[in-house]
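S.K.: Please find one structure pasted underneath; my questions will follow.
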Amino acid sequence: MQEKDLTTALEHWMAANWDSGSVAIECKFVVAGGKAMQFAQLKSHQARALKLAKKKLIYKIADDSIGVKPFDMFCLVDAEAYLCIFWYTPRQIKRATLIDIDVFQNYIRSADRKSIPREDAELIAKYIIDL
């Protein structure tokens with residue numbers, strides 16, 4: 001199981017269940033048996049883009065990238081923006097915690113560690129999704 005597999009599962013869940021408007025999501029994967037997501041997994045450019053999506057983010061999709069593109073660019077205005085942490089353990093329910101980027105950054109500022117344990121992620125998540 002890899003992040004891409006769980007991202008596809010989240011995509012299917014959202015197609016069937018999401019009706020809350022535009023959203024930007026950055027997905028991170030905690031390996032089997034992992035108890036916490038390292039803060040460093042969320043890169044600064046990813047956090048910055050999520051913050052921008054809550055205001056106004058315009059993004060041009062590269063023409064030279066592989067595959068068919070749905071369109072050339074998009075603009076998100078006042079979108080919700082989440083860090084999605086996938087918690088995976090073989091033969092158990094795959095869980096995604098969606099944490100608002102502002103809430104996550106506040107957590108980082110107040111934390112005395114370099115990671116967020118699953119229990120804390122579930123406490124501060126706006127959405128907890130079993131995939």
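The numbers here are math on the coordinates, done by the rules we state, and not lab data. In this text the structure is predicted, and so the values were computed from the model without any measurement. Positions of Cβ are generated from backbone atoms using ideal geometry, with glycine treated the same way; all protein chains shown enter the neighbour counts.
S.K.: How far, in degrees from 0 to 90, does helix 3-17 lean away from the longest principal axis of the Cα atoms of the chain, to the nearest 10?
M.R.: Helix 3-17 and the main axis of the chain meet at about 70 degrees.
S.K.: Relative to the longest principal axis of the C-alpha atoms of the chain, give the angle of the C-alpha long axis of helix 101-110, reported between 0 and 90° and rounded to the nearest 10°.
M.R.: 40 degrees
S.K.: Quick one: Debye curve from the alpha-carbon atoms of the range 3-130 only, equal weights, vacuum; give me log10 I(q)/I(0) at q = 0.10, 0.11, 0.12 Å⁻¹ to two decimals.
M.R.: Once normalised to I(0) and log-transformed, intensities are -0.34, -0.41, -0.49.
S.K.: In addition: In terms of Cα to Cα distance under 21 Å, which lysines are near enough to Lys56, apart from those fewer than 8 places away along the same chain?
M.R.: Candidates past the 8-residue exclusion: Lys43.
S.K.: Let me ask something additional. Can you give me the convex hull volume of the Cα atoms of the range 62-131, divided per residue and expressed in Å³?
M.R.: Given the Cα convex hull of the range 62-131, per-residue volume reads 171 Å³.
S.K.: For the range 1-49, max minus min Cα coordinate along each principal axis, in Å, sorted largest first?
M.R.: 30, 28, 16
S.K.: Related question: Amide H of Ala24 versus every other amide H placed in the peptide plane: which residues, excluding those fewer than 5 positions away on the same chain, fall under 5 Å?
M.R.: Counting only residues 5 or more places away or on other chains, the set is Glu80, Ala81, Tyr82.
S.K.: Let me ask something additional. Under the Karplus relation 6.51 cos²θ - 1.76 cosθ + 1.60, θ = phi - 60°, what is the ordered set of whole-Hz ³J(HN,Hα) values for the range 113-119, x standing for Gly and Pro?
M.R.: Residue by residue, the range 113-119 yields 9, 10, 8, 10, x, 3, 4 Hz.
S.K.: Let me ask you something else. Restricting to bridges with both residues inside the range 3-130, how much of the DSSP beta-bridge set is antiparallel, in percent to the nearest 5?
M.R.: Expressed as a percentage, antiparallel bridges in the range 3-130 total about 70.
S.K.: Could you check the spin-label model distance between Ala9 and Met73? Points 7 Å from the Cα along Cα→Cβ, value in nm.
M.R.: In this crude spin-label approximation the distance works out to 3.7 nm.
S.K.: Test of understanding: ordering Tyr88, Tyr107, Tyr82, Tyr59 by Cβ neighbours within 10 Å, fewest first, what list do you get?
M.R.: In order of increasing Cβ crowding within 10 Å: Tyr59, Tyr107, Tyr88, Tyr82.
S.K.: Using only helices, what value at 222 nm comes out for the chain when you add -39,500 (n - 2.57) per DSSP H run of length 4 or more and divide by the total residues, to the nearest 500 deg cm²/dmol?
M.R.: -9500 deg cm²/dmol
S.K.: OK, next. May I ask you to compute the full-extension gain from Ser110 to Asp19, defined as 0.36 nm times their residue separation minus their alpha-carbon distance, rounded to one decimal in nm?
M.R.: Once the chain is fully extended between Ser110 and Asp19, it gains 29.5 nm.
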